[in-house]
Amino acid sequence: MRCFVAVVPPQEVVEEIDAFWEPRREAASWRWTSPEQFHLTLAFLPRVEEYQLDELIERLAAAAARRGPLRLRISGGGAFPSVDRAKVLWAGVASASLDGSSGGGEAAGDGAAELTRLATGARHAAAATGIEVGGARFRPHLTLARIAHPEEVTRWLRVAETFTSAAFDVDEIALVASHLGEGPRRRPRYERLADLPVGGG
């Protein structure tokens, strides 16, 4: 099966992101991400065999338990592979300190470092299980839209820069199976296979 390990923002943050982007979606006929599929991918696992699941979940649980508390905000944005030929528009991730102050930038401060360690741990857990980890180096982001024909998206990034969500604590990661073509309008259907506490909480 095709899987990924992710941080899923709480429902109130999902609704906040959706409310900001909903009136703007009509301005571009892109494939916008459904709010129920908002997530921050830590590791993409293109092929997981059924027999590997138990070991994978055990190793992911151990990796998540080793990490400390972290608090994030969804803030700003960017584009892959570049702003002038974008195929993906995404929202960025900013650190929010545990005392309530917030860090700047795409993913700044202790929360960002801990998120990167969480992703590294998830990737190592998969590799130790014998599962190939897909994708390039970890870059925290939440996919907003996929663009069929590359476009210049500077004005969209200016819009993204005006948004910052409420802070939220990352207290678990999810192992999710992605069933291609089984969702509405032939999109993937996501199935959460396991929720694993961060910090052992």
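Within the set (i) 10.8; (ii) 13.3; (iii) 32.0, the number that mean projected area of the Cα convex hull in nm² takes when calculated for this structure is listed as (i).
Reducing the stretch 163-201 and the stretch 26-64 to their Cα centroids gives an inter-centroid distance of 6 Å.
Counting only Cβ charges, +1 for Lys and Arg and -1 for Asp and Glu, the dipole size of the chain around its Cα centre is about 740 debye.
Residues whose amide H comes within less than 5 Å of that of Phe163, counting only those at least five positions distant or on another chain, are Gly76 (H built at 1.01 Å from N in the peptide plane). With unit charges on the beta carbon (Lys/Arg positive, Asp/Glu negative), name the residue among Ala94, Phe20, Phe80 whose Cα is farthest towards the positive pole of the charge dipole of the stretch 3-200. Comparing the listed Cα positions along the dipole, Phe80 ranks first. Working ranking of peptides 1-12, 145-156, 66-77, 160-171 by packing, defined as the average number of other Cβ atoms within 10 Å per residue, highest first, is 66-77, 1-12, 160-171, 145-156.
From its DSSP helices (H runs of at least four residues, each -39,500 (n - 2.57)), the chain gives a residue-normalised ellipticity at 222 nm of -8000 deg cm²/dmol. The simple Förster model, with R0 at 22 Å and r as the Cβ-Cβ distance, assigns Glu182 and Val159 a FRET efficiency of 0.10. Using the Cβ of Arg117 as centre and a radius below 13 Å, the other residues enclosed give a net charge of +1, where K and R count +1 and D and E count -1.
Springs between Cα atoms under 10 Å define the GNM used for the chain, and in it the highest mean-square fluctuation of Arg186, Arg31, Arg139 occurs at Arg186. Remark: relative contact order (the stretch 3-200) = 32 percent; criterion is Cα-Cα distance under 8 angstrom and separation of 6 or more residues. Taking Lys and Arg as +1 and Asp and Glu as -1, the other residues whose beta-carbon sits under 14 Å from that of Phe44 total +4. State whether the stretch 1-106 is rounded, prolate or oblate according to the following rule on the C-alpha gyration tensor (a ≥ b ≥ c being the square roots of its eigenvalues): a/c under 1.5 gives rounded; otherwise a/b larger than b/c gives prolate, and the remaining case gives oblate. Oblate shape, in that a/c is at least 1.5 and b/c is the bigger or equal ratio. When Ile131, Ile57, Ile173, Ile17 are sorted by how many other C-beta atoms sit within 10 angstrom of their C-beta, beginning with the fewest, the order is Ile57, Ile17, Ile131, Ile173.
One chain, two ends: Glu55 and Thr120. Fully extended at 0.36 nm per residue, the span grows by 21.7 nm beyond their Cα-Cα distance.
Only the coordinates and a few stated rules stand behind these numbers; no lab work does. Note that the structure is a prediction, hence the values are computed from the model and not measured. Note: ideal-geometry Cβ built from the backbone for every residue, glycine included; neighbour counts use all protein chains shown.
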